[in-house]
Amino acid sequence: MTLIPMFVLSKTLDSDIRALRSIKRAVDPISISPYSFLNTWDFNYDPCENLGPHFLGILCTIPLDNSSSQISMINLEGEGYDGLLTPAIGNLTELTLLNLSKNKFRGLIPNSITNLKKLTRLVLSDNFLSGNIPAKLNTLKRLESINMSKNRLSGSILAEFSSLRRLTLMSLSNNRFSGRIPNLTGLWKLRILDLSSNQLHGTLPKLPHSLVTLLLGQNGLYGHISPLMRLENLKTLDLSNNHLSGFIFLEILALPTLNHLNLSENRFTKIEVLNMTNIETQLKVLDAHANHLHGHLPVNLATYVNLTTLNLGQNLFSGQIPAKYGKKVGKPWRSMFLDHNFLKGDIPPRFNSSNVKVRGSFAGNCLNCPPSVRLCGGGQRAASECDRRSRGGS
C-alpha cells in the first residue's frame with residue numbers, strides 16, 4: 001500500500017489580516033495608484049498563501065507546524081500614500097521590518113507600535129508625522145535601526161533610548177525636537193547618529209565610542225567640543241550651524257579615521273593643527289568657515305596628505321597665505337576657500353599657474369591678487385582694514 005503524503009497549507013492569522021485591512025483603509029484611495037503595492041492587497045486572497053502578484057510589499061513567517069502564518073515584514077517605501085498610521089499596526093506582533101518611508105503619512109505615531117517586540121528596523125522617514133515619539137519605544141529591545149527623519153516630530157529625545165543596546169543607527173534629523181541631547185553611552189553598538197536640523201540646545205553629551213558618523217548640525221548647541229576627542233572611530237563629523245565656541249582641538253583633527261569634518265557657522269576662535277608628517281591621517285574635507293578663527297593660517301594643514309577640500313573663509317585670519325599651501329593646490333587640494341579674512345601680501349606663485357585646477361576664492365582679503373587668477377575674483381578689502389585688524393582693531 002502506497003502512502004500519499006498530506007500537505008496542510010497554513011493560513012494567515014486572522015488578526016494579521018484584519019490589521020492589513022486597517023492599514024489599507026487608513027490610506028486615501030486616491031493616493032493608491034494602479035501600480036502601487038497597496039493596490040495588490042486583494043483580500044479575496046490569503047495574504048501569505050497566495051503571494052504571487054498579490055500582497056506585494058509584505059513577507060510572512062513560514063511555520064514548521066500547522067500554525068498560522070504571520071506578517072513578518074512590511075515595505076511600502078516611496079509609494080506616495082496619503083493617510084494615517086492605524087493603531088492596528090500594533091497587532092502585527094511578528095513584524096521585524098516596518099518601512100513606510102517616503103510617503104505622506106500624517107498624524108501621530110500610534111502607541112501600539114510599542115507592541116512590536118520583534119521589530120529590528122523601523123523606518124518612518126520622509127512623511128508628515130507629528131507629535132512625540134511613543135514613550136515606551138525603548139521597550140523594543142531588538143531594534144537595530146530607527147529612522148524617523150524628515151517629519152514634524154517634536155518633544156525631547158528620550159534618555160531611555162540608551163537602553164536599546166542593539167541599536168546601530170538612529171536618525172531623527174529634520175524634525176522639531178527640542179531640549180538637551182541625553183547621555184547615549186549605553187548605545188554601545190551605535191555607528192550612525194543623525195540629530196541634525198532640530199531645535200536641540202545645551203552642551204555636547206557623552207556619546208558612544210562606536211560612532212562612525214555623527215551629525216548634529218543646525219541646532220542650538222553651545223560650549224566646547226572636548227567631549228568628542230575620544231571618538232576614535234569617527235569618519236564623518238558635522239557640527240555646523242550651532243553656537244559652539246573655544247578651540248578646535250588638535251585631537252579632533254588628528255582622529256585616526258576622520259574623513260569629513262564640518263565645523264562651519266559656529267563661534268570657534270582658535271584652531272590647533274598638529275604636524276602630521278609621517279603620521280597616517282584620513283582627513284579629506286575640512287570646513288570651518290564662518291567662525292571667529294584668528295591668528296595666522298595653520299601651516300601644518302599642508303602635512304595632511306589626503307586633504308582635498310579646505311574652507312577657512314569668513315573668519316578673522318591675518319598674515320600671509322603660507323607658501324606650503326601653494327605646493328598643495330590642485331594636487332591634492334582641489335577646493336580652497338580663504339575668502340573674507342584679513343590676509344595680506346602676495347599669493348604663492350603656484351596659484352598663478354594656468355595648469356592648476358582648483359575651485360575656491362580669495363575674495364575679501366587684502367592680498368596682491370592678480371585678476372588673471374580665478375581665485376582672486378570678487379575684489380579685495382582696502383589695505384587699511386587689514387592693517388587695523390593686525391594692530392588689534394575691529
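The values are calculated or read from the model by the stated rules, or taken from the named source; none is laboratory data. As the structure is a computational prediction, the values presented were derived from the model and not from experiment. Please note: Cβ atoms are built from the backbone with ideal geometry, for glycine as well, and neighbour counts cover all protein chains shown. Note: areas computed on protein heavy atoms with side chains; ligands, DNA, RNA excluded. Shrake-Rupley method; radii C 1.70, N 1.55, O 1.52, S 1.80 Å.
Specify which of the listed residues (Thr277, Thr257) is at negative phi, modelled with pLDDT under 95 and out of contact with any His (no Cβ under 6 Å at 6 or more places or on another chain). It would help to see each step written out before you state the result.
Working: Thr257 fails: modelled with pLDDT under 95.
When all the criteria are applied, what remains is Thr277.
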Residues that are touching a residue at least 24 places away in the same chain (Cβ under 8 Å), in a loop (DSSP other than H, G, I, E, B) and not aliphatic (A, V, I, L, M), drawn from the stretch 56-90: Thr61, Pro63, Asn66, Ser67, Ser68, Gln70, Glu77, Gly78, Glu79, Gly80, Tyr81, Thr86
Check the stretch 33-47 and report whether any residue there is open to solvent by less than 60 Å² (accessible area, probe 1.4 Å), under 21 Å from Ile146 (Cβ atoms) and outside any loop (DSSP other than H, G, I, E, B). no
Would you be able to tell me the number of residues in the stretch 92-116 that are under 13 Å from Ser72 (Cβ atoms) and open to solvent by 20 Å² or more (accessible area, probe 1.4 Å)? 3
I need every pair where a residue in the stretch 372-392 that is touching a residue at least 12 places away in the same chain (Cβ under 8 Å) has its Cβ under 8 Å from the Cβ of a residue that is open to solvent by less than 70 Å² (accessible area, probe 1.4 Å) and among the acidic types (Asp, Glu), sequence separation at least 6 or different chains. Gly378/Asp339
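Could you tell me whether any residue of the stretch 329-337 is open to solvent by 60 Å² or more (accessible area, probe 1.4 Å) and at pLDDT below 95?
Restricting attention to the stretch 329-337, the residues satisfying the condition of being open to solvent by 60 Å² or more (accessible area, probe 1.4 Å) are 331, 334.
Okay, now just the ones that are also at pLDDT below 95, so 331, 334.
Within the stretch 329-337, one or more residues are open to solvent by 60 Å² or more (accessible area, probe 1.4 Å) and at pLDDT below 95.
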Hey, among Ser130, Ser149, Ser162, which residue is open to solvent by less than 50 Å² (accessible area, probe 1.4 Å) and in contact with a Gly (Cβ under 6 Å, 6 or more places away or on another chain)? Ser162
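Evaluate the stretch 58-74: report whether one residue or more is closer than 28 Å to Ser173 by Cα and touching a Gly at 6+ places or on another chain (Cβ under 9 Å). If you could, list the steps in order and put the result at the bottom.
Of all residues in the stretch 58-74, those closer than 28 Å to Ser173 by Cα come to 58, 72-74.
Applying the additional criterion that residues be touching a Gly at 6+ places or on another chain (Cβ under 9 Å) yields 73-74.
Checked the stretch 58-74: at least one residue is closer than 28 Å to Ser173 by Cα and touching a Gly at 6+ places or on another chain (Cβ under 9 Å).
Being open to solvent by 40 Å² or more (accessible area, probe 1.4 Å), in contact (Cβ under 8 Å) with a residue 12 or more places away in the chain and of a type in the set (Ser, Thr, Tyr) is the requirement here; does Thr139 meet it?
Working: open to solvent by 40 Å² or more (accessible area, probe 1.4 Å): yes; in contact (Cβ under 8 Å) with a residue 12 or more places away in the chain: yes; of a type in the set (Ser, Thr, Tyr): yes.
Judged against the criteria, Thr139 is a match.
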The correct count of residues that are surrounded by fewer than 19 Cβ atoms within 10 Å (Cβ to Cβ) and hydrophobic (A, V, I, L, M, F, W, C) in the stretch 64-91 is 3
Of the residues in the stretch 351-394, those that are open to solvent by 70 Å² or more (accessible area, probe 1.4 Å) and either within 16 Å of Ala323 (Cβ to Cβ) or of a type in the set (A, V, I, L, M) (or both) number 2
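Does the stretch 338-350 hold any residues that are assigned to a strand (DSSP E or B) and crowded, with 20+ Cβ neighbours inside 10 Å, and which are they? Spell out the reasoning first.
First, pick out the residues of the stretch 338-350 that are assigned to a strand (DSSP E or B): 342-346.
Matches in the stretch 338-350: Phe342, Leu343, Lys344.
Using the structure shown, decide if Ser154 is in a strand (DSSP E or B), at pLDDT 95 or above, open to solvent by 10 Å² or more (accessible area, probe 1.4 Å) and under 23 Å from Gly217 (Cα atoms).
Considered against the rule, which asks whether it is in a strand (DSSP E or B), at pLDDT 95 or above, open to solvent by 10 Å² or more (accessible area, probe 1.4 Å) and under 23 Å from Gly217 (Cα atoms), Ser154 comes out as yes.
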